[in-house]
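Down below is the structure, laid out as structure tokens.
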Amino acid sequence: MALWFHHRALLVGEWTIYHRGNAHWRSYLRTKKLPQYSAAEQSVIEGWRKYIQNTAGIPPERQRDRYAVNCGLVFDWLRRKAGKAQLANVFKRRADTFYTAAKKGDLDFFRHVGRLLGDKGNSNYLQRFEYAHGMLWRWLTECYWLMPAKIASQLVAIGLSVPDKEKTFLAIKSRYGLRSHNPPLIERLERKGKFLQPVLTKQGRILLG
């Protein structure tokens, strides 16, 4: 299930980068050839496993179980969907999961659904995990893993429209075990047109060109 989250994030992120132009796309592809990339990617996958456990109550050892996976997908879709028509579509597409949960007497499943159907704007339950989701979602494709925490924290805050708190960023990074390149290869960001362009360190220029 963690791989489903991970590959979905990669697909969406890489599609966005591709449409920024050839220079952005080639630069991103070079980051995937760095020796530390595989360790960073594995840390993101493990982070998704922890995220699923924290948000859906499904421990890593059960995340391959078909029923648990279906429950997790329902929770994720409800978290992201808005509007009666979209919610109705979730219920229709995942009717078997609701039926199985009722048959099992899985009260935790229905309590979880109830929380997700609450007012998203006022839901502390949801807001607790949005920051972690934003970091996991963009960690590789937005190159947070190549930046000092101070810069990456600012970008997370911009992406989520929340106040920038480096302490929060570092706490979530530690909690979810996300790995950064050592040393950072990006020293700062400069705005060029509508994009923020990374400025590489000396080592970054050697490794990434």
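With the condition kept exactly as written, say whether any residue in the range 78-100 is polar (S, T, N, Q), surrounded by 14 or more Cβ atoms within 10 Å (Cβ to Cβ) and in a helix (DSSP H, G or I). So far as the range 78-100 goes, yes, one or more of its residues are polar (S, T, N, Q), surrounded by 14 or more Cβ atoms within 10 Å (Cβ to Cβ) and in a helix (DSSP H, G or I). For residues that are basic (Lys, Arg) and not in a helix (DSSP H, G or I), scanning just the range 1-52, find the one that is farthest from residue 182 (Cα to Cα). For the range 1-52, the residue satisfying everything is 20. For residue 195, the conditions (1) farther than 20 Å from residue 44 by Cβ; (2) free of Cβ contacts under 8 Å to residues at least 40 places away in the same chain all hold with the exception of (2). The lone criterion from (1) at pLDDT 90 or above; (2) in contact with a Leu (Cβ under 7 Å, 6 or more places away or on another chain); (3) acidic (Asp, Glu) left unmet by residue 130 is number (1). May I ask you to list the residues in the range 129-164 that are more than 22 Å from residue 53 (Cα to Cα), small (Gly, Ala, Ser) and in a helix (DSSP H, G or I)? Of everything in the range 129-164, those that are more than 22 Å from residue 53 (Cα to Cα), small (Gly, Ala, Ser) and in a helix (DSSP H, G or I) turn out to be 149, 152, 153, 157, 159.
Search the range 1-27 for residues being among the aromatic types (Phe, Trp, Tyr) and in contact with a Leu (Cβ under 9 Å, 6 or more places away or on another chain), and hand back the single one that is surrounded by the fewest Cβ atoms within 10 Å (Cβ to Cβ).
Step one: list which residues in the range 1-27 are among the aromatic types (Phe, Trp, Tyr), which gives 4-5, 15, 18, 25.
Then keep just the ones that are in contact with a Leu (Cβ under 9 Å, 6 or more places away or on another chain); that gives 4-5.
Numbers: 4: 15, 5: 21.
Among those residues, the one meeting the criterion is 4.
The values are calculated or read from the model by the stated rules, or taken from the named source; none is laboratory data. This structure is a prediction, so every number in the text was calculated from the model and none was measured. Glycine gets a Cβ as well: all are built from the backbone with ideal geometry, and neighbour counts include every protein chain shown.
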